[in-house]
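Everything on this sheet refers to the single structure shown next.
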Amino acid sequence: MGFQDANKPDPNFFLPRRRTITAKNIYQALLLVCVLVIFRLAQHRPRTEPSPIRPRTESDPILSSTESSRWLDRTDGVQADFVESEVQLANNVTRYTRVYSGREPDLLWLGLTYDSSSWGSRPDESKRDVKDFHELLAAQYDVKRASLGLLTSSFDEFESYKKSIRRLEYARVTVFLHPGFHDGAVVDRKHRHDAEVQTARRAEMSKLRNFLMLKALHEEEHVVWLDADVWRIDPGLVHRMIKHAEEREEYGILTSLCKFGDEGNYDLNAWGGTRQGPRGWDLDEKEIKDGELKLQGQHLVDALIKGTGGNDIIPLTTVGATILYMRSSLIAQGLNFPHQYVVGTRWGKDGWDGIESEGVCYRARGLAGGRCGVLGGSWHVSHTSHS
């Protein structure tokens, strides 16, 4: 018959069939080869080194709060790592910070200014500025082990402070542009000590000091306040303060004689004794009958240190802040600068003494290490005699 039996299997059914190579098959094969070649090349591609870090220039913008930088910012060409930021805080306050990585500062310098006039003048009557301040600090303590906190109400000063630290290696820098808390008229520098403006002025300074101190302090063990218009510090004075604070646990607040120019006593806020107050406020009837009023007396630092040695500490009732050492553990316990008269305070009425630095020792009562003292002997700083 011409037809194969339907029930008989085809003998060629199990033999391999010939496949026809088409253009499509060739295209797929070439594509696969290309993918494999690209993959192998990617595995063996040489790694490129990151581009070198360029030096920062003053024309570069300040980084935002989320940015960090590594700048080659030293004259010796050694790379230094730090993070820099500038942020706007509440109440129209601006904060600039620069922090070096891997450093643990143990001292915090603090200073306040209103504007460029706050620095005063040198003995030759040339104007001082923040660079003079940096020179004083660097001569007293290794800046790599120190933090710096500054506050000013002047935008120009704020900008100059940021520029002034470009080649200075403070472990941490915090600078505030602060409009102040006082909403009244600004007191002219030459009238800042007038009796009628002292209360408002010192209340404002207390608030600003507390703001700066609490915002700038981190883990530093020692805090030193220095007035902007102090132009000279005895060599080794700050180390002497720190040594006393480490050896005499009871003394956590220290100051020194502050001369006016090269002579006299400038800081009248530092004294020992008792300042006479209104009857009925400071003394009870028994103390008055016992003649306590006759024993009251206020003794200034220049009188207290007469006949003392350079290793001595003389107890004080109050301190000034031309130069003021504070152990940071006291601040952690709540020590601050009173913004009102705290001595003689009643529930419905302010007291009659102890505002700003003069209230610090009063505030420190009952705190471990809260005793106040002044360096004996010839230790001193000098306040500019030129406005």
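The values are calculated or read from the model by the stated rules, or taken from the named source; none is laboratory data. Since we're looking at a predicted model, the values are computed, not measured. With ideal geometry, Cβ positions are generated from the backbone for all residues, glycine too; neighbour counts draw on all protein chains shown.
Just a few scattered comments:
- Within the span defined as segment 111-125, every residue fails to be in contact with a Phe, Trp or Tyr (Cβ under 6 Å, 6 or more places away or on another chain) and not basic (Lys, Arg).
- Of the strands (runs of 3 or more DSSP E) that lie entirely inside segment 80-161, those containing 2 or more residues that are out of contact with any Asp or Glu (no Cβ under 8 Å at 6 or more places or on another chain) span 80-88, 107-113, 146-152.
- Residue in segment 94-101 that is crowded, with 16+ Cβ neighbours inside 10 Å, β-branched (Val, Ile, Thr) and at pLDDT 95 or above present: yes
- Checking segment 330-351 against the condition returns a match, with at least one residue being surrounded by fewer than 16 Cβ atoms within 10 Å (Cβ to Cβ) and in contact (Cβ under 8 Å) with a residue 40 or more places away in the chain.
- Scan of segment 352-366 for residues that are touching a residue at least 12 places away in the same chain (Cβ under 8 Å) and farther than 25 Å from Gly111 by Cα, ordered by number: Trp352
- Condition broken by Lys289, with the remaining ones in (1) at pLDDT below 95; (2) closer than 19 Å to Tyr362 by Cβ satisfied: (2)
- Candidates Val230, Val238, filtered to the one that is touching a Ser or Thr at 6+ places or on another chain (Cβ under 8 Å), modelled with pLDDT of 95 or more, within 20 Å of Ser357 (Cα to Cα) and surrounded by 16 or more Cβ atoms within 10 Å (Cβ to Cβ): Val230
- Leu137 in contact with a His (Cβ under 9 Å, 6 or more places away or on another chain), surrounded by 19 or more Cβ atoms within 10 Å (Cβ to Cβ), of a type in the set (A, V, I, L, M) and touching a residue at least 60 places away in the same chain (Cβ under 8 Å): no
- Selected residue (criterion: nearest to Ala368 (Cα to Cα)) from residues of segment 247-280 that are of a type in the set (Val, Ile, Thr) and in a strand (DSSP E or B): Ile253
- Residues of segment 316-374 that are over 12 Å from Thr255 (Cα atoms), assigned to a strand (DSSP E or B) and of a type in the set (Val, Ile, Thr): Val343 alone.
- Among the conditions (1) crowded, with 20+ Cβ neighbours inside 10 Å; (2) at pLDDT below 95; (3) farther than 22 Å from Arg365 by Cβ, Asp282 misses just one, which is (3).
- Tally of residues being over 16 Å from Leu151 (Cβ atoms) and in contact (Cβ under 8 Å) with a residue 40 or more places away in the chain across segment 111-130: 6
- Verdict on His244 being in a helix (DSSP H, G or I) and either surrounded by 14 or more Cβ atoms within 10 Å (Cβ to Cβ) or at pLDDT 95 or above (or both): yes
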